[in-house]
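The values are calculated or read from the model by the stated rules, or taken from the named source; none is laboratory data. Quick caveat, the model's predicted, so the values are computed rather than measured. Heads up, the Cβs are rebuilt from the backbone with ideal geometry, glycines too, and the neighbour counts pull from every protein chain shown.
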Amino acid sequence: MKFEDTLDENEEQKDLPLKVEIRCVYPPDEDQQKRLEKFFMEKYNADSVEIVIKKDPSAVDGFNIFVGDDNYDWTTLGRIRQLRKSIQKLPKENEFKNIISLIKDDIEGFELDTGYQQVGEVVTVGDGIAVINGLREAAYGEIVLFDSGVKGMVQDIRTDGTTGIILFADASDITEGSRVVRTGRTAGIPISTRILGRMIDPLGKPIDGGPPIGAKKYYPIEKPAPGIIDRKSVCTPMETGILTIDSMFPIGRGQRELIIGDRQTGKTSVAIDTILNQKGKDVVCVYVAISQKASSVAKVVNILKKNGAMDYTVIVSSPASDAASLQYIAPYSGCAVAEYFMNHGRDTLIIYDDLSKHAVAYRTISLLLERAPGREAYPGDVFYLHSRLLERSAQLSDEKGGGSMTALPIVETQAGDVSAYIPTNIISITDGQIFLDSELFYSGQRPAVNVGLSVSRVGGAAQTNVMKKSVGSIRLDLAQYREMQVFSQFGSDLDEQTLKQLKYGAGLMQLLKQPNQTPLSLHEQVILLLCAREKMFINIPVKDIPAVKNELLKWFDETNANLCMSIEHKKVYSDKMKKKVLTAAKEFFKKYNKTEKNK
């Protein structure tokens, strides 16, 4: 009995007519209605059709038809869009002739397609998230368009047939029942070489008050990382101009080097100085500001303009006032800009400031989408969030143009805890880290690079010959100094050798001090390292070392310009070169000591 009831119920469901909603200005006549019924009965294998007609002033000269979440746009505007798509598919050569031919075919009976597109309906909307019923074929990361003109991105495809969308604009015009259509495209930004020197938002729109960029190329913000065959080993240095980093933790073009430390320890300053040091080196720089204060971004722009660095820099900014969805796509948009230039054979440098705020934005989106929270409430795919971004940095092979993308992601720690969830994730993805110590920073040591916790996994492969051989054992000397410094705090009597080592270490620390926006060139770094190894600064009072260092470099530029030029261009270490540098340095210190005595 129950089985028979079920059969009857299924038969009743099968006999239900197919509901077809027609939006139009003028309703179809009897003949048009019969043809429409026949078309949809064949299309959906239906026994009968129920047509519901709604008046819609926007449906000019035709019908906009909805069958469930399928849409057939047979209005004038819909036909024009189809014709435009057909024209875009034509070969570019003899484009004018091809268009004339297409129009001629249209006049002689050319038939456009049925204008089919998938349409969804808003179930709920709020907090920058819209849940859509329909769009059953939508892909993750696909851009969708709401009837109010707002764009969104598919972020959650659920088993119950609904789809979670993150919104890229104000959702005040989106209400329950609003229509949304697929675009068939993933997120991307318009880009061309004219983007250099501009500040844009994550969607590629200029926000610096300047004219439109006018880019015609649409570049996807998410792309697969280059494969192993498309890469080559990191071998060319990306000089930061910061003595501590270039000498002990060298960064190569195509490398990913993390800058990590507590709040207000100079992380952004290190990144900005690296951008300033690329002046005249044909490197395109991209600075991505994620959830930063507008005043902080303006300060960075002013520094870059003041030093003439905006000519080769692009700024992608998604300030703290932006929606979490825009903050989420900001680093991918910046990566797309750098990748565009990399694929055209250019060397690029990209700064992500910072990825801990990016992870927070993604956590916000995930919780609003009702995803299961994991450690520290982050979703389970938070590792993939950053790995797919940072893996796109590479040194491309010569066959692929030889371009490179060097990434300097920034991560903020709490009380120096590098074992927290996001820091450990990114440390495991990157090729090393520059750890900035708050204790060193507040003691006046700037940049506050902790020699013990910092590392570059590329190492000497990314150093020039002259730099590699000039460094010597300076890193080991600094490590020994830090240990002795802790030991000496107990107040025990120290032997002469230990006192000398402490004095030498204190001098080294002063030598490594470097004010912001004063990057050092290669020859200046080599001169300072060779002089430090020979302990030429050991008799200089510690507080005077920074001033003496500046005088030494100025004296070399004035009296030994040829030697400086030779180091800069040849980049090769030799005993002859070392002897010339030390001889000239001894002459300087001799004159300096004589001047000091006369005082």
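Among the residues of region 283-296, are any surrounded by fewer than 22 Cβ atoms within 10 Å (Cβ to Cβ), under 22 Å from residue 528 (Cβ atoms) and not hydroxyl-bearing (Ser, Thr, Tyr)?
Step one: of region 283-296, the residues surrounded by fewer than 22 Cβ atoms within 10 Å (Cβ to Cβ) are 291-296.
Pick out the ones that are also under 22 Å from residue 528 (Cβ atoms) and you get none.
No, region 283-296 has no match at all.
Within region 424-431, is even one residue surrounded by fewer than 17 Cβ atoms within 10 Å (Cβ to Cβ) and either closer than 22 Å to residue 514 by Cα or out of contact with any Asp or Glu (no Cβ under 7 Å at 6 or more places or on another chain) (or both)? Can you show your working first?
From region 424-431, those surrounded by fewer than 17 Cβ atoms within 10 Å (Cβ to Cβ) are 424, 428; that's our starting set.
If we keep only those that are either closer than 22 Å to residue 514 by Cα or out of contact with any Asp or Glu (no Cβ under 7 Å at 6 or more places or on another chain) (or both) as well, we get 424, 428.
The answer is yes, given that some residue of region 424-431 is surrounded by fewer than 17 Cβ atoms within 10 Å (Cβ to Cβ) and either closer than 22 Å to residue 514 by Cα or out of contact with any Asp or Glu (no Cβ under 7 Å at 6 or more places or on another chain) (or both).
Hey, does region 502-513 have a residue that's among the polar types (S, T, N, Q), assigned to a helix (DSSP H, G or I), more than 21 Å from residue 244 (Cβ to Cβ) and touching a residue at least 24 places away in the same chain (Cβ under 8 Å)?
Restricting attention to region 502-513, the residues satisfying the condition of being among the polar types (S, T, N, Q) are 510.
Narrowing further to those that are assigned to a helix (DSSP H, G or I): 510.
Next, from what is left, pick out any that are more than 21 Å from residue 244 (Cβ to Cβ): none.
No, that holds for no residue.
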Seminar exercise, completed: Scanning region 166-211 residue by residue, the ones that are over 17 Å from residue 317 (Cα atoms), β-branched (Val, Ile, Thr) and touching a helix residue (DSSP H, G or I) at 6+ places or on another chain (Cβ under 9 Å) total 2
For this session: Check whether at least one residue in region 358-365 is farther than 24 Å from residue 200 by Cβ, at pLDDT 95 or above and buried (at least 18 other Cβ atoms within 10 Å of the Cβ), and report yes or no.
Result: yes
Problem set entry | Count of region 372-419 residues which are within 17 Å of the chain's Cα centre (by Cα), among the acidic types (Asp, Glu) and not in a loop (DSSP other than H, G, I, E, B) | 1
For this session: Only residues in region 350-369 that are within 14 Å of residue 420 (Cβ to Cβ) and touching a residue at least 60 places away in the same chain (Cβ under 8 Å) count as the first member; pair them with residues that are of a type in the set (D, E, K, R) and surrounded by fewer than 24 Cβ atoms within 10 Å (Cβ to Cβ), Cβ under 6 angstrom, at least 6 apart or cross-chain, and list the lot.
Result: 354/412; 356/412
Exercise. Restricting attention to region 576-597, does a residue exist that is more than 27 Å from residue 275 (Cβ to Cβ), crowded, with 16+ Cβ neighbours inside 10 Å and under 40 Å from the mean Cα position of the chain (by Cα)?
Worked result: no
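Hey, can you tell me all the residues within region 340-371 that are part of a helix (DSSP H, G or I) and of a type in the set (Lys, Arg)? Walk me through it before giving the result.
Pass one, region 340-371, residues part of a helix (DSSP H, G or I): 340-342, 355-368.
357, 363 - these are the residues of region 340-371 that are part of a helix (DSSP H, G or I) and of a type in the set (Lys, Arg).
Pick from 325, 356, 333: which is under 25 Å from residue 264 (Cα atoms) and either small (Gly, Ala, Ser) or not assigned by TED's automatic domain parsing to the domain that holds residue 376 (or both)? Please lay out each step first, then the result.
On the way: 325 fails: under 25 Å from residue 264 (Cα atoms); 333 fails: under 25 Å from residue 264 (Cα atoms).
The unique qualifying residue is 356.
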Exercise. Could we say that residue 393 is among the polar types (S, T, N, Q), within 19 Å of residue 326 (Cβ to Cβ) and either in contact with a helix residue (DSSP H, G or I) (Cβ under 9 Å, 6 or more places away or on another chain) or surrounded by 19 or more Cβ atoms within 10 Å (Cβ to Cβ) (or both) here?
Worked result: no
Exercise. What number goes with the only condition from (1) buried (at least 18 other Cβ atoms within 10 Å of the Cβ); (2) in contact (Cβ under 8 Å) with a residue 24 or more places away in the chain that residue 388 does not pass?
Worked result: (1)
Exercise. Could we say that residue 570 is among the basic types (Lys, Arg) and more than 18 Å from residue 466 (Cβ to Cβ) here?
Worked result: no
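Going by what's in this entry, would residue 198 be described as over 28 Å from residue 350 (Cα atoms) and not assigned by TED's automatic domain parsing to the domain that holds residue 290? Outline the logic, then answer.
Numbers: over 28 Å from residue 350 (Cα atoms): no; not assigned by TED's automatic domain parsing to the domain that holds residue 290: yes.
Against the criterion (over 28 Å from residue 350 (Cα atoms) and not assigned by TED's automatic domain parsing to the domain that holds residue 290), residue 198 does not qualify.
Filter region 304-339 down to the residues that are among the polar types (S, T, N, Q) and part of a helix (DSSP H, G or I) and list them by number. Steps first, answer last, please.
Step one: of region 304-339, the residues among the polar types (S, T, N, Q) are 307, 313, 317-318, 321, 325, 327, 333.
The answer is 325, 327, 333.
Only one of 242, 213, 259 is β-branched (Val, Ile, Thr), at pLDDT below 95 and on the phi < 0 side of the Ramachandran plot; which?
Details: 242 fails: at pLDDT below 95; 259 fails: at pLDDT below 95.
The conditions single out 213.
Can you work out which of the residues in region 519-549 that are assigned to a loop (DSSP other than H, G, I, E, B) and without any contact (Cβ under 8 Å) to a residue 60 or more places away in the chain is farthest from residue 584 (Cα to Cα)? Even if it seems obvious, please write down each step before you answer.
Step one: filter region 519-549 for residues assigned to a loop (DSSP other than H, G, I, E, B), giving 519-521, 534-541.
Now restrict to residues that are without any contact (Cβ under 8 Å) to a residue 60 or more places away in the chain: 534-541.
On the way: 534: 13, 535: 15, 536: 12, 537: 14, 538: 17, 539: 18, 540: 17, 541: 21 Å.
The qualifying residue farthest from residue 584 (Cα to Cα) is 541.
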Exercise. Can you find a residue in region 292-303 that is free of Cβ contacts under 8 Å to residues at least 40 places away in the same chain, under 25 Å from residue 167 (Cα atoms) and assigned to a loop (DSSP other than H, G, I, E, B)?
Worked result: yes
Exercise. Do any strands (runs of 3 or more DSSP E) entirely within region 149-191 hold 1 or more residues that are in contact (Cβ under 8 Å) with a residue 24 or more places away in the chain and closer than 22 Å to residue 68 by Cα, and if so, which?
Worked result: 151-157, 162-167, 179-186
For this session: Would you mind telling me which numbered condition in (1) surrounded by fewer than 17 Cβ atoms within 10 Å (Cβ to Cβ); (2) in a helix (DSSP H, G or I) residue 572 fails?
Result: (2)
Exercise. So which residues in region 266-304 are farther than 19 Å from residue 322 by Cα and hydroxyl-bearing (Ser, Thr, Tyr)?
Worked result: 268, 269, 274
For this session: Answer with yes or no whether residue 487 is aromatic (Phe, Trp, Tyr), closer than 26 Å to residue 469 by Cβ and free of Cβ contacts under 8 Å to residues at least 60 places away in the same chain.
Result: no
For this session: Could you tell me which of the residues 250, 237, 220 is touching a strand residue (DSSP E or B) at 6+ places or on another chain (Cβ under 8 Å), modelled with pLDDT under 95 and surrounded by 24 or more Cβ atoms within 10 Å (Cβ to Cβ)?
Result: 250
Problem set entry | Matching residues, region 192-229, being touching a residue at least 40 places away in the same chain (Cβ under 8 Å), in a strand (DSSP E or B) and within 17 Å of residue 310 (Cα to Cα) | 199, 200
For this session: Please verify whether region 124-135 includes one or more residues that are under 30 Å from residue 341 (Cβ atoms) and at pLDDT 90 or above.
Result: no
